[in-house]
Structure formats: structure tokens, C-alpha cells
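Following: one structure in C-alpha cells, then a few remarks.
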Amino acid sequence: MDRFVFLTFDGLARGAVYAAFALALVLIWRAARIVNFAQGAMAVATAYVAHSVSTATGSYWLGFVAALAAGLLLGAVVDVAVMRFVGHSSPLNAVIVALGLVLVIQAVLGIVYGNEFLPAPAPFDRTAFTAGGLVLLSPYDLFVFGAVGAVVLGLAWMFGRTAIGLRMRAAAFAPEVSRLLGVNVGGMLTLGWALAAGVGALAGMLVIPTELGLHPHAMDLVFVSAFTAAVVGGLDSPPGAVIGGLVVGLLLSYVSGYVGSDVTPLAVLALLLVVLLTRPGGLFAGVAARHV
């Protein structure tokens, strides 16, 4: 029982990070109908920015803020300088460009910072609290839940209660009509990329301290898990991305704790395969209207 409780809390903490990363993928998909396979590499790039700023200033929080700002800027630059020029004749065009962007970012990071693991300290203690002999959450886990929860609530408020959120949704689902109504569709698309990259930067800053350290490929496996979470929940559903992230986190925790960590990649791929075969649109996908 003690082990099950520990694995459950550990899985929820891990799943919260996957939820944030999956939410970034959903934001890009809803804005541009593109699965951004470069999301992980972009998050690592912002984590290196945080490392440089923290090393220069001695402040973790200045580096944290710098990473979020770098994520917003990098997302906007990728859209304006790269993705805006990708042809839409085939969905594979954007996928190929994104994969090429991964190689470019990882190569540049390797040249500038090297391929050694750099330390990535956590801002709070990672030792879990205990109550009645049960191992619960750590202060760092509480920070993760708070940060991800704040992002989810902020995005829900923006898309549901603000004019700019309404414009972004209109530009994504009906760009031609939105242009006729005076909406700057290109600007809304760039804003969507910036927000997604900012959320991805947050997810990177939260998950990298729990890994071996900072490395150009630090987010590769995390991206696979987050992509699975987004597919499980549905690429059109932000709430589904959050729930999918928690599901994937729990799955990885239980498999790692009861079977072995070597099997966790297979568990993620098996979950992804099952969802794609049984419900390709995701568990929380809306019902499509029938055309007559």
C-alpha cells in the first residue's frame, strides 16, 4: 500500500509536467494544425538560456524568468522566420521542417555548450513529506502542481473570457472569415506559437531538474511521453491534454515501480498504439457532425 501511494503521487507530479508539455502541443495544433516535433528541442534551448543567466547572476529565478521570455521569443521567431514559409500542399511539409529544426537546434546547442550533462538544480527540496509512514509529495512537487495549475487556469481564462482569446480561436478555426472581420490572423498565429513555446519552456524548466541534467537531448523521451498524452486526450482538447498528461504520468510511474524502468518506453508506445487504433481523435475529441 505504501508503495502504491508513493507511485501514485510520483506519477501525478510527473504527469503534471507532461500535461504542460502536451498543452503546448495542443496550442500549436489548434492554432496552425501542425504537430510541432521541435517543441522539445525548443524547450531545451530555453533551459540553456536559464542556465547561462543563472550562472552569470547567481539567481535561479532570474534564469527561470529568462527561460520563459526566451520561449515566447523563440516561438514567435520560429513562426515568422520558418513556419510561415512552409507550403501547405502536404501535411508532411511542416513535419519535415520541424524535424529539421530539431537537428539544427540540437547541433547549435552542442557546439555552444558541449554534449556533457550540465547541473540543473531544483529551486525547492525534492525530499518528499511523510505522514503516518506514507511518502507524499515533496516541496518541488507542490511547486510543479502550482505552476502547471496556474498556466492551465490562465490559458482557460484567456481563451474563454478575453477578446484576444476569442480572436485566436476564430483565427484558428475560420481564418478566411476572421480576416474579413478584421482579425490579424498572422499575428494571432504568431501569438499562438509564442504561447506554446512559453508553456513548453516552463515544462522544460520543471522536468529537467528531475532528469540526469541539462543536455541537448534532455527532452527527447519527455517529448514522446507528452505527445502520447496529447494524443490520448485529443489534440483539439486542452482539458484532454491535462488529463492525458496525468494518465501517462501514472502509467509510467506504475510500470517503472512494479515492472522496471526499462519497460516504460514500451508502455508509452503501447498506450499510444491502443489509442490510435481505438479512438484516433483522442478520448476527449468532440463528435464530428455528419455531412449530408
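Sorted on the mean count of surrounding Cβ atoms within 10 Å across their residues, most packed first, peptides 118-130, 56-68, 20-32 read 20-32, 56-68, 118-130. With the cut-off at under 19 Å, measuring from each backbone N in region 78-100 to a point 7 Å along the Cα-to-Cβ line of Asn184 picks out 78-85.
Only protein heavy atoms count here; under a 1.4 Å probe, Arg33 has an accessible surface of about 110 Å². Peptides 133-144, 246-257 ranked from most to least packed give 246-257, 133-144, packing being the mean of other C-beta atoms within 10 angstrom over each peptide's residues. FRET efficiency for the Glu176 to Ala270 pair, using the beta carbon distance and R₀ = 41 Å, is estimated at 0.50.
When peptides 40-51, 193-204 are ranked by their average number of other Cβ atoms within 10 Å per residue, the highest-first order is 193-204, 40-51.
Centre-to-centre separation between the Cα atoms of region 231-263 and those of region 70-89: 29 Å. Put a plus charge on the Cβ of each Lys and Arg, a minus charge on the Cβ of each Asp and Glu, and nothing anywhere else: the dipole of region 1-217 about its Cα centre is then about 680 debye. 3J(HN,Hα) along region 91-107, derived from phi through the Karplus expression 6.51 cos²θ - 1.76 cosθ + 1.60 where θ = phi - 60°, amounts to x, 6, 4, 5, 5, 5, 5, 5, 5, x, 5, 4, 4, 5, 4, 5, 5 Hz, with x in place of Gly and Pro. Couplings for region 271-278, taken from phi via the Karplus curve 6.51 cos²θ - 1.76 cosθ + 1.60 with θ = phi - 60°, read 4, 4, 5, 4, 5, 5, 7, 9 Hz in order; Gly and Pro are left as x.
Temperature 4 °C, viscosity 1.567 mPa s: under these conditions the Stokes-Einstein estimate for region 136-292, based on its Kirkwood radius over C-alpha pairs, is 73 µm² per second.
Note on the chain: Cα Rg divided by 2.2 N^0.38 Å, N the number of residues, gives 1.00. I want to make sure I understand the PRE zone here: with the label point 7 angstrom from the Cα of Ala107 toward its beta carbon, which residues in region 203-237 have backbone N atoms less than 16 Å away? Hits in region 203-237 for Ala107 at 16 Å: 216-217. What the Cβ-Cβ distance of Phe4 and Ala156 gives, at R0 = 45 Å and to the nearest 0.05, is a FRET efficiency of 0.90. Amide H contacts of Leu214: Leu118, Ala120, each under 5 Å away and 5 or more positions distant or on a separate chain (H built 1.01 Å from N in the peptide plane; Pro and chain starts excluded).
Directionally averaged projected area (region 34-141, Cα convex hull): 9.3 nm².
Annotation: amide H of Val135 within the under-5 Å range of Phe6, sequence separation 5 or more or interchain, hydrogens built in the peptide plane.
Between the residues Leu7, Phe85, His51, the greatest Cα displacement towards the positive end of the dipole of region 1-217, with unit charges on the Cβ of Lys, Arg, Asp and Glu, is found for Phe85. Rounded to the nearest whole Hz, the Karplus-based 3J(HN,Hα) values (6.51 cos²θ - 1.76 cosθ + 1.60, θ = phi - 60°) of region 174-186 follow the sequence 9, x, 5, 5, 5, 5, 5, 8, x, 7, 7, 4, x, with x at glycine and proline.
The values are calculated or read from the model by the stated rules, or taken from the named source; none is laboratory data. For clarity, every value in this text was computed on a predicted model and none was experimentally measured. Note: ideal-geometry Cβ built from the backbone for every residue, glycine included; neighbour counts use all protein chains shown. Heads up: the accessible areas ignore ligands, DNA and RNA and are worked out on the full protein's heavy atoms, side chains in. Shrake-Rupley method; radii C 1.70, N 1.55, O 1.52, S 1.80 Å.
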